[in-house]
Amino acid sequence: MKDAVSELKVQAELLHRAVVANDPAALARLRGLRELRKAEPDELRRAAGSIQRKHCLATVALEHGFASWEHARQVLTGGDSDEGFGKLLAGQGRGAFLNHWFSTYEEARAVHLDLRATAGTRYLLAFQRQCFITEAGYIEALGLDPEDTDWRSIDWDWVRPRSMAARGRLYAKLVGQRRAA
């Protein structure tokens, strides 16, 4: 299994190839970039020749909920970022879940421990600089297996995991399944 950063690089390479081939769907994805946000289809086709891999890396990072490629690289490799964790763990189509939201990790961790002691397994996740606690159904909606042994390895805590390697594997699974979809 590839690590999450390598997987995003593969996705960017595939996007770059499609852009060079003037694939309309690939070109439309470039509208995520500030400089091409309002570009018409003809403008996108003309811009295709000047699109570099760095533009595709930025596009893929934005599509996965990060502010930039550098932000994605920092978060996915376990580093801290002033921009938080991005939006990868809380996206469209997951509004039907009732999650507990917190502005600080300390509050979230205390409730997380309490809920796990009284109500069973709960997952402490991150959205930008906030934390939230959710249940197995949400994890399944993300495309991850709530029974994956890596959850136990991180102590069901994405923000400050017991094992960074296990969180890295979960990130890789999450990013990889998004390409498959």
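What number of residues within the range 90-103 are in a loop (DSSP other than H, G, I, E, B) and either more than 21 Å from Lys173 (Cα to Cα) or at pLDDT 90 or above (or both)? So the answer is 6.
Residue under question is Trp101, and the condition is that it be of a type outside the set (Asp, Glu), in contact (Cβ under 8 Å) with a residue 24 or more places away in the chain and within 26 Å of Leu8 (Cβ to Cβ); does it hold? It would help to see each step written out before you state the result.
Values: of a type outside the set (Asp, Glu): yes; in contact (Cβ under 8 Å) with a residue 24 or more places away in the chain: yes; within 26 Å of Leu8 (Cβ to Cβ): no.
Spelling it out, it is not the case that Trp101 is of a type outside the set (Asp, Glu), in contact (Cβ under 8 Å) with a residue 24 or more places away in the chain and within 26 Å of Leu8 (Cβ to Cβ).
If the condition is being within 30 Å of Leu170 (Cα to Cα), in contact with a Leu (Cβ under 8 Å, 6 or more places away or on another chain) and small (Gly, Ala, Ser), then the range 19-52 contributes Ala26, Ala28, Gly32. Within the range 24-82, the only residue that satisfies the criterion of being β-branched (Val, Ile, Thr), farther than 15 Å from Ala12 by Cβ and surrounded by 14 or more Cβ atoms within 10 Å (Cβ to Cβ) is Val75. Scanning the range 43-53 for residues that are on the phi > 0 side of the Ramachandran plot and part of a loop (DSSP other than H, G, I, E, B) turns up nothing.
Filtering the range 114-154 to residues that are surrounded by fewer than 17 Cβ atoms within 10 Å (Cβ to Cβ), modelled with pLDDT of 95 or more and among the charged types (D, E, K, R) leaves Asp145, Glu147, Asp148, Arg152.
The values are calculated or read from the model by the stated rules, or taken from the named source; none is laboratory data. No experiment lies behind these values; they were computed from the predicted model shown. When we count neighbours, we look across all protein chains shown, and the Cβ atoms used for this are built from the backbone with ideal geometry, even at glycine.
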